[in-house]
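Just so it is clear, none of the values below were taken in a lab; they were calculated from the coordinates. None of the values given here were measured: they were computed from a predicted structure. Neighbour counts run over all protein chains shown; Cβ positions are idealised from the backbone, glycine included.
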Amino acid sequence: MSDAAGRAQDALARLRSGNERYVVGEGGTAALTAHARSELASGQNPRAIILGCSDARVPAELIFDQGPGDLFVIRIAGNIVAPSQIGSVEFAAERFGTPLVVVLGHTGCGAIAATLEELQRPMSIQSSHQLSIVDRVRPSVEAVIARGVTGDALARESVRANVRASVGQLRHGSEILESLVHRGELRIVGAEYSLETGAVDFFEV
């Protein structure tokens, strides 16, 4: 295993154990001391990049029990991948050598619900800005619908399909990231956070 692959594996293990602490109520990152703040002011070395949803119930540092400087967090509704998100991931992966990217979706995602509503009632969303998010989620949801999935399972499976799509776009939508992955210097995985239990299920690993 290369050094970068080992660091990615270690980062993933730390996220898993941090989430386990959070689930059982044992998490609680301590406040920064003046010395710690001073050290962080001079630079950062995040162990993982989190591309997550903007949902206020999914704060990455808390659910992984990590402190300031530990995670490079990018949040956008529906954890979608657009040029600015790709650029942000490239920046952290290249500038800091961060070896792990986690695309973090969650149950009860509003962007998924909005996309399902738009598919059922076209043009119910009038804002072109909101539609730009829905349009990026739409292909994943349509693929799940095409498989004949209905009811509550439709929203559940759409969350994971959307995460997988974002993982694929990061792996193959950037020459920089694709090269880092090919060289074993970057690992990109998918995960889903449960609003009901607080647990994170890693998949597409």
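Points to keep in mind about this one:
- Take each peptide in 45-55, 177-187, count the other Cβ atoms within 10 Å of every residue, and average; sorted highest first, the result is 45-55, 177-187.
- Across the chain, C-alpha contacts under 8 Å between residues 6 or more apart give a mean separation that, scaled by the residue count, equals a relative contact order of 25 percent.
- Shape of region 1-98, Cα gyration tensor, a/c cut at 1.5: rounded
- Ellipticity at 222 nm from helices only: DSSP H runs of n ≥ 4 in the chain, each -39500 (n - 2.57), divided by the residue count, give -16500 deg cm²/dmol.
- Region 177-205 and region 125-150 have Cα centres lying 22 Å from one another.
- Beyond 20 Å, the tail of the calculated P(r) for the chain holds 58 percent of the Cα pairs.
- Local net charge near residue 170, Cβ-Cβ under 10 Å (Lys/Arg +1, Asp/Glu -1): -1
- Relative to the longest principal axis of the Cα atoms of the chain, helix 83-96 runs at roughly 20 degrees.
- Cβ-defined net charge surrounding residue 68, 11 Å radius [Lys, Arg +1; Asp, Glu -1]: -2
- Within region 74-123, the ratio Rg/Rh, alpha carbon atoms throughout and Rh by Kirkwood, equals 1.13.
- For peptides 4-15, 143-154, 72-83, sequence by mean Cβ density within 10 Å, most packed first: 72-83, 4-15, 143-154
- For region 22-95, the relative contact order works out to 34 percent when only alpha carbon pairs closer than 8 Å and six or more residues apart are counted.
- Rg/Rh for region 132-177 (Cα atoms only, Rh after Kirkwood) is 1.06.
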